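See structure below.
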Amino acid sequence: MHHFEYQGDDLYCEGVALQTIAEQVGTPTYVYSYATLERHFQVFDQAFGGRPHTVCFSMKANSNLAVLRTLVALGAGVDIVSGGELFRALKVGADPKKIVFSGVGKREEEIEFALKTGILTFNVESHMELVAIERVAARIGQRAPISLRVNPDVDAETHPYISTGLKKNKFGIPVPEARQEYGFAKSQPHLEVVGIDCHIGSQLTKVAPFRDAIGRVAALCRDLQSDGIALRYLDIGGGLGIPYDQEEPPAPAEYARAIQEALDAFRGLDLTLLCEPGRVIVGNAGVLLTRVLYLKQGEIKNFVIVDAAFNDLIRPAFYDSFHGLRPVRRGETKTWIADVVGPICETGDFLARDREIKRCQPGDLLAVMSAGAYGFTMASNYNSRPRAAEVLVRGDQFAVVRQRESLEDLIRGEAVPSWVG
């Protein structure tokens, strides 16, 4: 469910016409709906209302400060994967005791920053990371709260680039080794074991992989209990998918029921649940506005050339993913088959291929749907293209929450030494 709907022939975000935003802010521009963010978070949070839990928004999906502040104000915690994300989370007032630090390659300065901040836990991915966290914590005289991310070797049945729970993936500690690593962690004077973590991938459209993974984690928790290792938190990760095209992912309530059933195996273990949704909160809360520049009719293909490119939204090129396309002002009823492409000098620069879309003309506006997750956060300056603006809409008002980059922004921080040239 989202708040991008037609009113007459004009596509609106809540009470604001997207045409108005394009006229005042320009294109390409990301537009986010406050009401959609609010609803998606509340529906997800309420689905787990029957047990102690914290919803930690996975901010790698969207790290805009206004988006983060919206969710934090609703009670969200934050799942981070870098020191930069921690910095952003603190800027919007996130409670450090609701911050979980994930990721396989934490630098020591990031570990120290997180320790001094007082985060809830580190999700640790390897033995060497445990050693590094112990070393940093000892140096600054603190105990570090840690959870081990275990790899349950469960196929998430998703795109291989975003599958994280198989043996061949770089993530987590294999279940057979995890018990030994927990024993090591317990023996270290500056580590405090607080939980266990499991995340198997992103854009999952079935609940069975979640059930399988949690079942394997439950067995390990029983072993740890017999070893005298008391856990307080069970982090089930994120990964619930959204409908981009014909997908039919489970609703949060169905997902939560499946999780609750799997958690029956944890009876007798007093664990607070941590969830790390990202895409399911923000994916359909955002669109990318782009303007048609040219039409090009080739011998075997038609092309709609727009001003957004894969530096703005890389998902179609990187994952061969589908994003719906809607005209911002509808009227034309005829359709044609075309590739919607950007200005970048790469054949891989496309937003859609062989897509049946309404015929359009130069100057028309298109909305690239379901662009709120992994859109701007994966953007780049390839071809020296300034990154897009970002706008947040609430009701009948909107604000630019990230200015479009200028040409001067492109060279900020660069320098030419005097001995060059």
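Can you put E254, E112, E248 in order of Cβ neighbours within 10 angstrom, beginning with the fewest? Taking fewest neighbouring Cβ atoms as first place, the list is E248, E254, E112. Taking 7 Å steps out from each Cα toward its Cβ at R353 and Q260 produces label points 4.4 nm apart.
Relative to the present Cα-Cα distance, how much length would full extension add between A138 and K296 at 0.36 nm per residue of separation?
Here the segment from A138 to K296 would lengthen by 50.5 nm.
Among complete DSSP H helices in the chain, those whose alpha-carbon atoms stretch at least 18 Å along the helix's long axis and whose mean Kyte-Doolittle hydropathy reaches -1.0 are 34-47, 127-140, 175-187, 208-226.
Between beta-carbons, use under 12 Å as the cut-off and find the net charge around L273, counting Lys and Arg +1, Asp and Glu -1. Result for the local shell: -3. A helix-only calculation puts the chain at -8500 deg cm²/dmol for mean residue ellipticity at 222 nm, using -39500 (n - 2.57) for each DSSP H run of at least four residues, averaged over all residues. In the chain, the ratio of gyration radius to Kirkwood radius, Rg to Rh, stands at 1.01 when only Cα atoms are counted.
Starting from the Cα-Cα distance between Q246 and E23, subtract it from 0.36 nm times their residue separation and give me the gain in nm to one decimal. Don't skip to the end; give the middle numbers.
Values: separation 223, 0.36 × 223 = 80.28 nm, distance 3.21 nm.
Once the chain is fully extended between Q246 and E23, it gains 77.1 nm.
Using the Cβ-Cβ distance between W336 and D227 with R0 = 51 Å, the FRET efficiency computed as 1/(1 + (r/R0)^6) comes to roughly 0.20. Among the listed pairs K116/K206; K301/K334; K206/K334; K60/K116, a Cα-Cα separation exceeding 29 Å is found for K116/K206; K206/K334.
A convex hull fitted to the Cα coordinates of the range 34-282 yields 111 cubic angstrom per residue.
Note on K186 and A219: their simple-model spin labels are 2.0 nm apart, each label 7 Å out from Cα toward Cβ.
Remark: relative contact order (the chain) = 20 percent; criterion is Cα-Cα distance under 8 angstrom and separation of 6 or more residues.
For the pair F318 and R412, the difference between a 0.36 nm per residue extended length and the Cα-Cα distance amounts to 31.1 nm.
Can you list the equivalent-ellipsoid semi-axes of the range 10-148, largest first and in whole Å, using the square root of 5 times each Cα gyration tensor eigenvalue?
Each semi-axis is √(5λ); the values are 35, 18, 11 Å.
Counted by Cβ distance under 9 Å from G195, the other residues give a net charge of -1, where Lys and Arg count +1 and Asp and Glu count -1. From the alpha carbon centroid of the range 318-378 to that of the range 23-102 is 27 Å.
Each reported figure results from applying straightforward, stated rules to the coordinates on display, with no laboratory input. Since this is a predicted model, take the numbers as computed values, not measurements. Note that each Cβ is placed from the backbone with ideal geometry, even for glycine, and that neighbours are counted across all protein chains shown.
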